[in-house]
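**Student:** Shown below is the structure under consideration.
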Amino acid sequence: MLIALLVPLALAVLTYSFVLARAGIAARARPMPEAMLVGAIVNFFDTFGISSFAQTTAWMKFRRMVPDRLIPPTMIAGLTPPVMAESIIFLILLGVKVDPVLLFGAAMATFVSGVVGAPLVVRARAWIVQAIVAVGLTLAGIAYVLAIAGKLPAGGTASGLPMGLTIIAIAASFVMGLLANFGVGNYAPSLVMLSLMGMDPHYCFPIMASGASLMGAGSSMRFIKVPEIDLRIVLGLALGGIPAVLVAALIVKKMDVDLLRYVITVVVFYTAVVMARAAIRGHREHRGEGATAPMAAS
């Protein structure tokens with residue numbers, strides 16, 4: 001089952017690397033140094049579960065590197081290669097110890113729902129989804145704190161789950177893939193969900209990284225063909241992020257389980273705050289559009 005994931009991942013890496021390299025050569029694009037630095041920083045922390053999307057979006061907005069509408073495609077196209085490297089590393093280091101049914105099922109559920117879910121959520125309000133996720137993560141974070149304090153069963157030693165929980169985890173991974181279309185990373189929700197179900201936090205990483213990398217590969221193939229995409233930034237994010245992932249993955253593998261649980265708690269609450277801020281901003285923009293619509297009509 002592990003081979004069944006490594007083979008498509010390897011093919012995705014080779015295919016996307018070829019397509020990206022060809023596009024970069026055709027455009028005579030050189031990696032932007034600033035993007036390489038950003039890629040190294042955000043992907044280092046992404047390996048610990050702290051979403052690279054939120055950090056990269058904030059920096060691109062602050063520096064006005066690309067127009068807002070081009071931030072998601074530029075970001076996904078540039079950050080996908082490091083995530084691919086991350087998933088392969090975690091699969092090799094830790095994947096062999098994870099229940100193969102859970103590993104393959106959750107990864108493929110995230111991939112499939114992320115790809116087919118995009119047209120299904122076009123009409124939905126992103127800020128509503130972000131608000132719901134922020135509340136859910138906050139509650140999950142509180143539950144995780146109670147588990148660490150011994151008020152709830154923390155588990156945290158299993159490499160797999162009973163069949164009933166496995167099915168729930170795979171179904172939840174499908175939902176997380178759908179939410180990825182709104183910029184909601186699957187790392188924090190996966191970490192807290194699988195940990196509270198009783199898994200060793202280390203074994204959560206190959207599961208969530210595999211789904212994210214496969215999902216990103218499918219989208220990135222299309223994004224780098226967009227004429228407005230700045231390939232200098234895409235190449236910079238990719239080349240800066242891959243070495244950082246290699247270093248961070250080794251740290252995660254050796255990190256003490258108790259320390260890792262505290263890291264997960266911080267990640268969950270941090271992600272909840274990011275989602276809440278995005279929801280508030282989206283709600284304000286929605287109200288602003290509603291207020292200007294009658295004026296435009298008149």
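The values are calculated or read from the model by the stated rules, or taken from the named source; none is laboratory data. In this text, all values refer to a predicted model and were calculated from it rather than measured experimentally. Here Cβ is always computed from backbone atoms with ideal geometry, including for glycine, and neighbour counts include all displayed protein chains. With ligands, DNA and RNA removed, areas are computed over all heavy atoms of the protein, side chains included. Shrake-Rupley method; radii C 1.70, N 1.55, O 1.52, S 1.80 Å.
**Student:** Rank Leu250, Leu14 by accessible area, highest first, at a 1.4 Å probe radius? Walk me through the numbers before you get to the answer.
**Tutor:** Working: Leu250 95, Leu14 120 Å².
Final ranking, largest accessible area leading: Leu14, Leu250.
**Student:** What do the square roots of 5 times the Cα gyration tensor eigenvalues come to for the chain, in whole Å, largest first, as semi-axes of the equivalent ellipsoid? Before the final figure, lay out each step's value.
**Tutor:** Details: eigenvalues 175, 124, 61 Å².
Taking √(5λ) for each Cα gyration eigenvalue gives 30, 25, 18 Å.
**Student:** Using only the Cα atoms of the range 159-256, build the gyration tensor, take square roots of its eigenvalues as a ≥ b ≥ c, and label the shape rounded, prolate or oblate: rounded if a/c is under 1.5, else prolate if a/b is larger than b/c, else oblate.
**Tutor:** Oblate.
**Student:** Net charge near Val19: determine it from the other residues with C-beta under 11 Å of the C-beta of Val19, scoring Lys and Arg +1 and Asp and Glu -1.
**Tutor:** Numbers: positive: Arg22, Arg222, Lys225; negative: none.
Once all neighbours under 11 Å are counted, the net charge is +3.
**Student:** Turning to a different aspect of this structure: For the chain, return all DSSP H helices satisfying: extent of Cα atoms along own axis at least 15 Å; mean Kyte-Doolittle hydropathy at least 1.6. Don't skip to the answer; put the middle values down first.
**Tutor:** Details: long enough: 2-27 (37 Å, 2.09); 33-46 (19 Å, 1.09); 52-63 (16 Å, -0.33); 71-93 (32 Å, 1.56); 100-116 (24 Å, 1.96); 126-148 (32 Å, 2.17); 163-179 (24 Å, 2.28); 204-223 (29 Å, 0.85); 231-254 (35 Å, 1.88); 257-297 (59 Å, 0.49).
TM-like helix candidates: 2-27, 100-116, 126-148, 163-179, 231-254.
**Student:** Continuing with the same structure: So, for the chain, what is the accessible surface per residue at a probe of 1.4 Å, expressed in square angstrom?
**Tutor:** Per-residue accessible area for the chain comes out at 48 Å².
**Student:** If you don't mind, there's one more thing I want to ask. Going by average Cβ density within 10 Å per residue, which order do the peptides 217-226, 98-107, 24-33 take, highest to lowest?
**Tutor:** Working: 217-226: 17.7, 98-107: 22.9, 24-33: 14.2.
In decreasing order of mean packing, 217-226, 98-107, 24-33 become 98-107, 217-226, 24-33.
**Student:** Is the shape of the range 1-100 rounded, prolate or oblate, going by the alpha carbon gyration tensor and its root eigenvalues a ≥ b ≥ c, with a/c under 1.5 for rounded and a/b larger than b/c for prolate?
**Tutor:** Values: a/c = 2.62, a/b = 1.49, b/c = 1.76.
Oblate shape, in that a/c is at least 1.5 and b/c is the bigger or equal ratio.
**Student:** For Leu11 and Val115 in the same chain, what is the full-extension length gain: residue separation times 0.36 nm, less their Cα-Cα distance, in nm?
**Tutor:** Details: separation 104, 0.36 × 104 = 37.44 nm, distance 1.74 nm.
Value of the extension gain: 35.7 nm.
**Student:** Highest first, please rank the peptides 61-74, 189-202, 164-177 by the mean number of other Cβ atoms sitting within 10 Å of their residues. Provide the component values of the computation, followed by the final result.
**Tutor:** Numbers: 61-74: 14.4, 189-202: 22.3, 164-177: 18.7.
Top of the packing list down: 189-202, 164-177, 61-74.
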